Amino acid sequence: MKTLIVVLALLPLGYTYYALESAIDPIKMLYTTTGVGALLLLLLSLAPSTCQRFCALNLLRFRKTLGLLAFVYALLHVSVFIVLDSELDFVTLFAKSLKKPFIYVGVIAFLILLLMALTSTKKLFARFSRYHKAVYGALVLILLHDFWAQKVAGAFEYGMMAIGIVLLGERVWKECRFNMSKRH
Amino acid sequence: MPTPSITPEILFEARRHFLKLGAGALVSSTALSQLLASMPEEIQLSFTKDPNPLKLTPNTFEQVSNYVNFYEFSTDKTAPVKMAQVIKLKPWSLGFFGEIAREEMVEVDDLIAKFGLEERIYRFRCVEGWSMVVPWIGFPLYKLLDYLQPNSKAKYVKFTTRHEPDIFPDQAKGLFASIKHPYVEGLRMDEARHPLTFLAVGMYGKPLPKQNGAPIRLVVPWKYGFKSIKSLDLIECVEEQPLNTWQAMAPEEYGFYANVNPHVDHPRWSQAKERLLGKLTKQETLMFNGYEKEVSHLYAGMDLRKQY
Ligand code: HEM
């Protein structure tokens, strides 16, 4: 089942590779597939725990796979930025990263995902799991980043925003109820 | 000159013209030449060719006609290709008003007949960071202005896209529209009269595809693409500087001038380089999009960082 998820999640990359040759704006296309792919997978990786609370469906075992896949897409996205967009010109690359909020918001989000990916082995996760709450910070930053990447935000960005709010809101709500019940 | 692709629609049009001529047309050669003359112009425009002194290599017609910003239809770049087919090109008259000697409405075909057609192979740079090279067909705006005779109060030219929510769905969305409608652009009179400033009715030898701003649009090659307003409805000569749509939407990001300038970044992204459509590598963006020699005198003494 996990293999199936990995294969399904990587299919769009295969298609992108195939479509690249005839792409009208290839760099933009790579940014979009990898960025949107990372965002969708990240949202999916947050769904299992909500799902468990609401529909008694335990999909928690897929969380890590989905999270790591999101990281793979994010890594490719950042590679597009470094290799194709900045053409390995690290001076401009750092200048851009520091000056443009749109870019450094993405960089911070990526660093969070990177740390989570590095500490996702069983042994390290046992020690670092509580830091994995940082994913919520990453999600907020990425939603902001996606918003800023557009000349004007459209239905897709608002949709992603809405899903993000539902997933985050559900957790906040859960925490509140939990704290209330502790007091009684 | 690329051979035009013959679409079923054109064949249908041609057949209709043919039937109008009646059965005699089958044998009469004069009728045959009449038929050819009355063929719909979808087939070819006649125009003087651009000698292309800059040796620019145009992008393909497929690239240019499948990658457009036409927010009246969608913020997506390919969706307008299908959606724009609802535009009805004939009749389409353009209104000329304001500080001019002759206020009137003129059919696009009559404009073409009056001013003739020429080809201009221009670079086109979008503020989003992509660029292309397009062989436009049309006539320079100064020819039209000479005809309209602006008076001494005419300091600016204001352009407005047609407002017709039945055609342009985004215009019907009210508060939820992606941008403010109708789309407005403006040029200072000296910019408008510059010989490079162009009104395009075609490209690649054919009338403009609907998604590229048919039947008539502005092309200002040294400015970011959003200045090159599509599907024009009104051209007015005015005293005050018009508030162009993108400036109204986000004044700290888009100004009135919008000259292509690799040294002045957009607040959110760099403008130093550009992605030429179809290329996986980037290229340097040129000052005034490569038209510095021709236009820099228009901005002598201006601080281009402030007047972006
Ligand atoms: C070092 C970190 C990052 C950098 C430098 C970066 C850079 C960029 C750039 C330059 C664009 C705009 C492309 C364009 O429209 O021209 C973009 C778009 C986008 N990025 Fe990132 N990004 C980073 C991290 C991330 C991460 C971690 C995610 C998601 C997990 C992400 C998701 C997106 C999305 C969804 C878009 C919008 C795609 C579109 O609509 O075309 N980015 N990014």
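Could you list, ordered by first residue, the pairs with Cβ atoms under 8 Å in which the first is in segment B:73-95 and within 28 Å of B:Asp110 (Cα to Cα) and the second is part of a loop (DSSP other than H, G, I, E, B) and among the small types (Gly, Ala, Ser), at least 6 apart or interchain?
B:Ala84/B:Ala214; B:Ile87/B:Ala214; B:Ile87/B:Ser231; B:Leu89/B:Ala214
Considering each residue of segment A:105-161, count those that are within 14 Å of another protein chain (Cβ to nearest Cβ), free of Cβ contacts under 8 Å to residues at least 24 places away in the same chain, in a loop (DSSP other than H, G, I, E, B) and in contact with a Phe, Trp or Tyr (Cβ under 8 Å, 6 or more places away or on another chain), and give that number.
Going through segment A:105-161 one residue at a time, the tally reaches 2.
Among the residues of segment A:121-155, which ones are surrounded by 15 or more Cβ atoms within 10 Å (Cβ to Cβ) and of a type in the set (Phe, Trp, Tyr)?
Once the filter is applied, which keeps residues that are surrounded by 15 or more Cβ atoms within 10 Å (Cβ to Cβ) and of a type in the set (Phe, Trp, Tyr), segment A:121-155 yields A:Phe128, A:Tyr136, A:Phe147, A:Trp148.
Consider segment B:219-262. How many of its residues are of a type outside the set (D, E, K, R), touching a residue at least 12 places away in the same chain (Cβ under 8 Å) and either within 13 Å of another protein chain (Cβ to nearest Cβ) or on the phi > 0 side of the Ramachandran plot (or both)?
Total meeting the criteria: 11.
Residues that are among the hydroxyl-bearing types (Ser, Thr, Tyr) and near the ligand (Cβ under 8 Å from one of its atoms): does segment A:81-88 have at least one?
Looking for residues that are among the hydroxyl-bearing types (Ser, Thr, Tyr) and near the ligand (Cβ under 8 Å from one of its atoms), one finds none in segment A:81-88, hence no.
Filter segment A:92-116 down to the residues that are more than 7 Å from the ligand (Cβ to nearest atom) and closer than 22 Å to B:Leu280 by Cβ and list them by number.
Of everything in segment A:92-116, those that are more than 7 Å from the ligand (Cβ to nearest atom) and closer than 22 Å to B:Leu280 by Cβ turn out to be A:Thr92, A:Leu93, A:Lys96.
Kindly indicate the residue of segment B:59-99 that is among the β-branched types (Val, Ile, Thr) and not in a loop (DSSP other than H, G, I, E, B) and also farthest from the other protein chains (Cβ to nearest Cβ) among those meeting that condition.
Among those that are among the β-branched types (Val, Ile, Thr) and not in a loop (DSSP other than H, G, I, E, B), it is B:Val86.
Specify the residue that is nearest to the other protein chains (Cβ to nearest Cβ); the eligible residues are those in segment B:128-138 that are within 11 Å of the chain's Cα centre (by Cα) and of a type outside the set (A, V, I, L, M).
Looking at the filtered set, the residue picked out is B:Trp136.
So, in segment A:59-89, of the ones that are at pLDDT 95 or above and of a type in the set (S, T, N, Q), which residue ends up surrounded by the most Cβ atoms within 10 Å (Cβ to Cβ)?
A:Thr65
Take the conditions in contact (Cβ under 8 Å) with a residue 24 or more places away in the chain, part of a strand (DSSP E or B) and more than 9 Å from chain A (Cβ to nearest Cβ) and apply them to B:Glu274. Does it pass?
Here the answer is yes, as B:Glu274 does meet what is asked.
Which of the residues spanning segment B:126-137 are closer than 19 Å to B:Asn66 by Cβ and within 14 Å of the ligand (Cβ to nearest atom)?
B:Cys126, B:Glu128, B:Gly129, B:Trp130, B:Ser131
Give me the pairs: first residue in segment A:62-86 and within 22 Å of A:Pro48 (Cβ to Cβ), second residue of a type in the set (Phe, Trp, Tyr), beta-carbon distance under 8 Å, and six or more apart or on different chains, which are they?
The qualifying pairs are A:Ala74/A:Phe110.
The values are calculated or read from the model by the stated rules, or taken from the named source; none is laboratory data. Since the structure is predicted, the reported quantities are computational estimates derived from the model, not experimental observations. As a convention, Cβ positions derive from the backbone with ideal geometry for all residues, glycine included, and neighbour counts pool all protein chains shown.
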